[in-house]
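To start, the structure itself, in structure tokens.
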Amino acid sequence: MADHVGKEEGSPRAEALLQRLEAQFGGRMPEEARRKVITSYSIYQPMIIDAFTALRGRTATPAERDRLIQYFICSGAFDDFIDREELTPEALDTISFRPETFQPRRIEEQMFLHCHLALRDYVRDRPAYDKAARGLFRAQVDSARQTKPAPMTEEELLRITMEKGGYAVLLCRFYLDHDASGAEADCWYRIGGIIQLTNDLFDIWKDLQAGVQTLPNRMRDAHAFHAFYTRKVEEMMAIIAGLPVPEARKRAFLLNMMAICSFSDMAIRQLRNLQQQSPQLPDLNSLPRKALIVDMEKPSNIWHCMHFTWQKCREGKRMSASTKPLPA
């Protein structure tokens with residue numbers, strides 16, 4: 001999603017932290033890697049982190065913001081380690097779970113280690129953090145199979161999609177100065193899976209050209225996929241309805257989460273329009289780029305997102321009124 005929506009409002013802070021670390025290690029990260037860190041932070045901070053801190057009636061502190069930038073330095077570097085096969089599976093395991101024994105050779109590895117150790121030292125609930133980190137590691141390593149020609153089952157793709165996105169966002173909650181309830185942690189995980197699914201829906205054309213297997217580009221029935229996605233959104237809405245927080249905060253949080261969810265629904269709507277009343281989609285490989293690219297500036301797409309968000313907030317308000325609050 002960071003590649004598709006939002007403005008780089010947080011870029012000065014991220015740029016400043018990157019420059020301090022680069023000066024410390026006497027080098028400069030590749031421009032693509034720097035851009036990925038800045039863009040990810042600039043979008044996730046207002047869309048995700050601010051939504052979860054507002055749920056607690058506060059804004060993120062400067063230290064929390066800096067920890068999130070450090071996290072995106074780690075996640076961006078780790079993605080490159082895997083996607084470009086810069087580290088062996090054994091080295092990936094070492095740098096992740098035995099970082100004190102890893103000998104860095106490049107600035108990307110040095111900065112990953114520095115930020116990884118700083119974040120790990122801050123975390124209060126280490127058992128839960130380590131479990132989430134292990135889950136993300138497994139999903140990221142497994143996701144490398146999506147670029148291989150051997151076909152994967154839909155069950156495998158679903159697990160990897162939800163775990164890769166879910167654990168990636170869930171880790172962010174450990175960098176805040178408050179502990180998350182079980183229901184809040186569930187929201188972190190679920191919105192992460194939806195964000196990963198959104199990325200895959202927006203990248204159908206690109207992934208088809210690159211031979212990457214994803215749930216969206218393996219889709220056969222867009223109407224069935226829409227029903228599956230709607231269930232995912234409604235499950236999250238039910239959890240939000242039970243959050244033990246003041247109603248005004250809950251409504252604002254639901255608005256933020258549904259706005260994020262609207263992007264996937266919009267992309268699926270485009271595929272449903274391609275399929276119309278046919279039992280199956282046409283072969284996606286046979287379609288032109290224009291048919292699969294999602295135009296975020298198209299007025300009808302903007303309207304769809306606004307209407308989806310409004311509709312789900314109305315449903316969420318009714319759901320909240322009839323739901324018993326979960327334990328704090």
For this session: With springs connecting C-alpha atoms under 10 Å apart, model the chain as a Gaussian network and identify which of 70, 277, 213 has the largest mean-square fluctuation.
Result: 277
Exercise. In units of 2.2 N^0.38 Å, what is the alpha-carbon radius of gyration of the stretch 2-131?
Worked result: 1.07
Seminar exercise, completed: If each part is reduced to its alpha-carbon centroid, the stretch 137-199 and the stretch 214-261 end up apart, in Å, by 15 Å
For this session: Given the peptides 80-92, 195-207, 227-239, arrange them by the average over their residues of other C-beta atoms within 10 Å, most packed first.
Result: 195-207, 227-239, 80-92
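Over its Cα atoms, what ratio of radius of gyration to 2.2 N^0.38 Å does the chain give? Working shown, then result.
Working: Rg = 20.0 Å, N = 328, 2.2 N^0.38 = 19.9 Å.
Compactness ratio reported: 1.00.
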Problem set entry | Accessible solvent surface per residue of the chain, calculated while the other protein chains remain in place, 1.4 angstrom probe, Å² | 47 Å²
For this session: Could I get the Rg over Rh figure for the stretch 94-159? Both from C-alpha atoms, Rh via Kirkwood, rounded to two places.
Result: 1.08
Problem set entry | Quotient of Cα Rg and 2.2 N^0.38 Å for the stretch 188-328, N being how many residues it contains | 1.14
Seminar exercise, completed: Placing one equal point scatterer on each C-alpha of the stretch 187-249 and summing with Debye, one gets log10 I(q)/I(0) at q = 0.18, 0.27 Å⁻¹ equal to -0.74, -1.17
Exercise. Translational D (Stokes-Einstein, µm²/s) of the stretch 67-218 at 37 °C and 0.692 mPa s when Rh comes from the Kirkwood sum over C-alpha pairs?
Worked result: 203 µm²/s
For this session: For the stretch 217-228, just list the computed ³J(HN,Hα) in residue order, Karplus coefficients 6.51, -1.76 and 1.60, θ = phi - 60°, integers in Hz, with x standing in for Gly and Pro.
Result: 7, 9, 5, 10, 10, 5, 5, 5, 5, 5, 5, 4
Exercise. Within the accessible area of the stretch 217-297, what % is carbon and sulfur when the probe is 1.4 Å and the other protein chains stay in place?
Worked result: 50 percent
For this session: First compute the accessible area of the stretch 40-176 with a 1.4 Å probe, then give the percent of it belonging to carbon and sulfur atoms.
Result: 55 percent
Problem set entry | ³J(HN,Hα) computed for each position of the stretch 161-169 - Karplus, 6.51 cos²θ - 1.76 cosθ + 1.60, integer Hz, glycine/proline x | 4, 5, 6, 5, x, x, 5, 4, 7
Problem set entry | GNM flexibility winner over the chain from 297, 22, 109 (Cα, springs under 10 Å) | 297
Exercise. In whole Hz, what ³J(HN,Hα) sequence does the stretch 77-85 give by Karplus (6.51, -1.76, 1.60; θ = phi - 60°), x for Gly and Pro?
Worked result: 5, 5, 4, 5, 4, 7, 4, 9, 6
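The values are calculated or read from the model by the stated rules, or taken from the named source; none is laboratory data. In this text, all values refer to a predicted model and were calculated from it rather than measured experimentally. Reconstructed Cβ throughout: ideal geometry from the backbone, glycine too, with neighbour counts over all protein chains shown. To get the accessible areas, we keep the full protein, side chains included, count just its heavy atoms, and leave off ligands, DNA and RNA. Shrake-Rupley method; radii C 1.70, N 1.55, O 1.52, S 1.80 Å.
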